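What follows is a single structure, written as structure tokens, with notes after it.
Please treat every number below as a calculation from the coordinates, not as lab data. Keep in mind that what you see is a predicted model, and the values were worked out from it rather than measured. Ideal geometry is used to build each Cβ from the backbone, glycine not excepted, and the neighbour counts take in all protein chains shown.
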Amino acid sequence: MSQQTARIVREVHDEPHIRGRRITVRYIHVQVEDRGLRPETVADRHDLDIADVYHALAYYHDHPEEMTAVERQREDAVESAREKTTIAPPEE
């Protein structure tokens, strides 16, 4: 088993995350590549080893089909929650 695989698991979540943490690969990707934070900043903010951040990014790019499916699942869950949530104005 490669070191990268050992650091990234699916034990707690429905999606890949850093072993022993609840921080998902998708979250790391968003922080670094979408928000433009430096990997060192993400590691410091979440008390992670910098290698964990880089392994998460590598995992994201090495498994594009899986990550697309994860993102689709999340979007579906958000949409489902929106459909089930009804916020009505307070009755007078």
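Provide Rg over Rh for the chain; use the alpha carbon set for both Rg and the Kirkwood Rh (inverse mean inverse pair distance). Rounded to two decimals, Rg/Rh equals 1.12. In the chain, the sites counted are trypsin sites (Lys or Arg not before Pro) in DSSP loop states with at most 10 other Cβ atoms within 10 Å, and the longest stretch holding none of them, exclusive of the sites, is 36-92. Each Lys and Arg Cβ is given +1 and each Asp and Glu Cβ -1; about its Cα centre, the stretch 3-84 then shows a dipole of about 240 debye.
Here's how it looks for residue 8: its modeled amide H is under 5 Å from those of 19, which are all 5 or more places away or on a different chain.
Annotation: extensible slack from residue 10 through residue 49 equals 12.2 nm (criterion: 0.36 nm per residue apart, minus Cα-Cα distance). Relative to the longest principal axis of the Cα atoms of the chain, the long axis of helix 64-84 makes an angle of roughly 20 degrees. Across the stretch 37-47, computed HN-Hα scalar couplings (Karplus, 6.51 cos²θ - 1.76 cosθ + 1.60, θ = phi - 60°) run 6, 6, x, 5, 5, 4, 4, 5, 5, 10, 6 Hz from first to last residue, x flagging Gly and Pro.
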